[in-house]
Amino acid sequence: MIVTTYEKHRPRPRPRRRRWLRALFILALLFILLLVDSNFRIEVTQVDIASSKIPPAFEGFTIAQLSDVHAAVFGRDNKTLIEKVKKAKPDIIAITGDIINNKDDLDIVRPLLYALVDIAPVYYVTGNHEWDSGAIKDLFALLRDAGVRTLRNEYLPLKRDGAHILLAGIDDPNGPYDMPKPEAVVAHIREKEGDAPYFILLAHRNRYLPRLAPLGVDLILAGHAHGGMIRLPFTDGLIGPSREWLPTYTSGIYTQESTTLFVSRGIGNRTGYPRFLNNPQLALLVLRSGALVS
């Protein structure tokens with residue numbers, strides 16, 4: 001057999017190069033799997049909220065918070081999301097804004113709303129996208145027909161076994177120009193009800209803590225920030241709702257004075273950026289009477 005010079009000296013694949021290619025392939029596959037998981041697997045998060053102002057009758061009272069749904073769909077007619085809410089057995093459900101993006105989304109959220117009211121009383125406040133959708137009147141009509149209570153700069157008592165707490169909701173700033181400021185709404189409630197009842201405020205925007213903490217709100221439930229979209233260690237997310245980098249107040253618990261702010265990472269997405277290490281979130285806020293023991 002005659003071996004040509006070309007065949008004799010042809011370089012063989014290097015084992016080190018093959019190892020690097022395998023490693024890159026595994027890393028790419030892992031990234032894709034994490035990306036899919038981060039956008040399509042709903043994470044249920046339970047958070048205990050303790051205060052000496054919470055009546056013993058409200059021990060264990062559970063609020064399921066859905067924020068920034070953006071007409072997202074998890075299963076046919078949102079069956080997966082509905083089942084997770086049903087399994088949680090909440091006492092009430094709070095929808096903190098941005099449930100739709102446009103008029104076409106009304107048909108998408110209709111079965112979700114009708115299913116949620118069969119689980120527990122549902123309370124809703126507006127987000128910025130509803131006011132921009134051109135369908136705000138149609139949405140209000142749908143919410144009313146479904147049995148959802150819309151809180152527009154107003155409040156009501158939640159009663160349980162002879163005790164009560166207060167639940168209020170404020171419109172998003174994208175709403176009517178002549179609506180009252182959040183500070184005025186809170187001041188009116190405190191003037192009328194005093195300081196004793198535990199006071200929960202539903203709001204869409206995530207930056208009300210510095211403004212409202214001095215006025216005596218006990219718990220604010222908000223959304224809007226989508227968890228900062230990309231969550232890496234030692235950050236509060238990388239991208240804010242106004243496309244700002246390294247935002248704050250994007251996910252979880254924040255406190256100032258005697259006020260607690262909980263910011264949901266939300267369910268859907270309307271930012272133009274995919275979620276990463278930042279799963280859609282169903283938050284369960286569980287009220288505890290007395291100081292929280294660490």
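Quick notes on this one:
- Computed FRET value (nearest 0.05) for K79 with Y177, which takes r as the C-beta separation and R₀ as 41 Å: 0.55
- Applying a DSSP loop filter and a limit of 15 other Cβ atoms within 10 Å to the GluC sites (Glu not before Pro) in the stretch 59-153 leaves E59.
- The Kirkwood hydrodynamic radius of the chain, based on inverse pair distances between different Cα atoms, is 20.7 Å.
- Cβ-placed point charges (K, R +1; D, E -1), dipole of the stretch 211-270 about Cα centre in debye, nearest 20: 260
- Tilt relative to the chain, helix 15-40 - C-alpha long axis, 0 to 90 degrees, to 10: 20
- Rg of the Cα atoms in the stretch 199-267, relative to 2.2 N^0.38 Å, amounts to 1.07.
- A Gaussian network model of the chain, with springs between Cα atoms under 10 Å, assigns the largest mean-square fluctuation among R41, R22, R243 to R22.
- Modelled this way, with points 7 Å down the Cα-to-C-beta line, the labels at R149 and T248 are 3.4 nm from one another.
- C-alpha long axis of helix 79-88 to longest principal axis of the chain, angle in °: 50
- The chain: angle of helix 106-117 to the longest principal axis, Cα-based, in degrees nearest 10: 60
- Label-point gap, in nm, between D195 and R211 - each point 7 angstrom along Cα→Cβ: 2.4
- When the Gaussian network model of the chain links Cα atoms closer than 10 Å, the mean-square fluctuations of L21, L33, L201 top out at L21.
- Estimated at 0.36 nm per residue, the fully extended path between R16 and E43 surpasses their Cα-Cα distance by 5.8 nm.
- Among the lysines of the chain, pairs that are 8 or more positions apart or on different chains and have alpha carbons within less than 19 Å of each other number 8.
- Taken about its Cα centre, the chain carries a charge dipole of roughly 2180 debye when the Cβ of each Lys and Arg holds +1 and the Cβ of each Asp and Glu holds -1.
- Span from the the stretch 125-195 Cα centroid across to the the stretch 35-106 one, whole angstrom: 18
- For the stretch 189-196, Karplus couplings with θ = phi - 60° (6.51, -1.76, 1.60), whole Hz, Gly/Pro x: 5, 5, 5, 7, 9, x, 8, 6
- Model label zone, L232; criterion: amide N under 12 Å from point 7 Å along Cα-to-beta-carbon; scope the stretch 18-32: none
- Most fluctuating residue given options A225, A203, A115, as computed from a GNM of the chain linking Cα atoms under 10 Å: A115
- Summarising the strand pairing of the stretch 65-180, around 45 percent of its internal DSSP beta bridges are antiparallel.
The numbers here are math on the coordinates, done by the rules we state, and not lab data. These numbers were taken from a predicted model, which means no experiment stands behind them. Every residue, glycine as well, gets a Cβ built from its backbone with ideal geometry; the counts of neighbours run over all protein chains shown.
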